Structures are given as C-alpha cells and as structure tokens.
C-alpha cells in the first residue's frame with residue numbers, strides 16, 4: 001500500500017490588499033474643480049448687489065460665474081495642460097478685478113476687497129488658480145491628474161468638495177435677521193432683577 005504524498009499547494013498566494021489612494025495631482029484637480037464651483041455659487045449670491053450698483057458690474061459678475069462653471073466642467077471632462085492654463089489665467093484676472101475694481105464705469109477703482117465683500121469667492125478662486133497653475137506647470141502632473149480615479153471619481157470628489165465649499169459660501173451670504181429689541185436687555189434691568 002502506497003501512501004499518497006501531499007505536497008505544498010501549487011496556487012499562487014493572493015497579493016496583500018492595499019488601499020488605493022488618489023495621486024496628489026488628482027486630488028489637487030478635484031479641489032480646484034470644487035473651488036471653481038464654490039466661487040461660481042458665491043458670485044451668483046452677489047449678483048443682486050452688483051446689478052443694483054451698476055448693471056455692467058452685474059454683467060461682468062455673470063460672465064465671471066459662467067467662466068468658472070464652464071472651466072469646472074472642462075477640467076472635469078477634458079482636463080489638459082491648456083485648460084489648466086486658461087483656468088489659472090481666468091483666476092488671475094478675477095482676483096485682480098476683486099482687488100482693484102473695474103477699470104471703467106461709475107465706480108472706477110472701487111475694490112470689493114477694500115469694501116470687505118467677496119472674500120469667500122476670492123478665496124475659492126485663489127485656491128482654484130493655485131491648483132490650476134500647479135497642474136499646468138509640468139506635463140507629467142497634468143497626465144497624473146487626469147488618470148487618478150477617472151472621470152467618475154473626479155465628478156464625485158468635485159461635487160463633494162463643491163458642496164462643502166458652497167455651503168460655506170451660502171452661510172457667508174446668509175442675511176442676518178434684524179434686531180427686534182427683545183434680545184436687548186438693559187444693564188440696569190438685569191442688576192435690579194431678583195428671583
């Protein structure tokens with residue numbers, strides 16, 4: 001009687017499971033897209049004020065918001081070095097307009113920055129311009145940003161980042177309820193109040 005010899009298993013061992021994290025260029029791209037969307041929403045929230053000041057000022061803000069939305073779509077669907085360069089250029093022009101104001105019209109040189117408005121939109125635009133500049137600076141970063149998680153992952157990330165940033169922009173523009181007087185308490189009343 002012969003004994004069957006059982007040898008070692010001949011199957012290949014399974015590779016250890018690793019968590020796949022997105023490459024940093026892909027993450028920068030998603031953040032840039034989300035910030036462009038948030039800047040667009042923030043600018044849209046300011047339209048009424050700009051149209052009330054001067055209709056051309058409102059029109060410029062509509063054009064800026066449309067450019068931001070279009071660039072977010074292009075960077076999501078067809079990212080390229082050229083599209084990052086355009087996004088960075090639009091960002092620089094938008095930030096310049098925020099800092100120094102329109103170079104024409106009744107409010108020449110009236111800066112939104114000096115008036116204390118639009119800081120959220122400008123901050124989002126600065127972040128988007130920085131992201132676009134970084135990704136346009138090296139072709140290999142442009143390629144890595146386009147392949148990180150694919151279009152579906154980019155859309156999901158950009159929507160999530162844009163939603164969070166939009167919530168911040170909406171909160172920044174939320175009207176403050178007027179004081180009714182009920183919440184104001186005279187110091188003398190508090191001092192003379194006894195239980």
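Between residue 77 and residue 114, the contour length at 0.36 nm per residue exceeds the alpha carbon distance by 9.7 nm. Per-peptide packing, taken as the mean over residues of other Cβ atoms within 10 Å, places 38-51, 90-103 in the sequence 38-51, 90-103 from highest down. When both the range 120-137 and the range 77-104 are represented by their alpha-carbon centers, they are found 9 Å apart. The Cα-based radius of gyration and maximum Cα-Cα distance (Dmax) for the range 24-172 are 15.3, 48 Å.
Every number here is computed from the coordinates shown, using simple stated rules; none is lab data. These numbers come from a predicted model, not from an experiment. Note: ideal-geometry Cβ built from the backbone for every residue, glycine included; neighbour counts use all protein chains shown.
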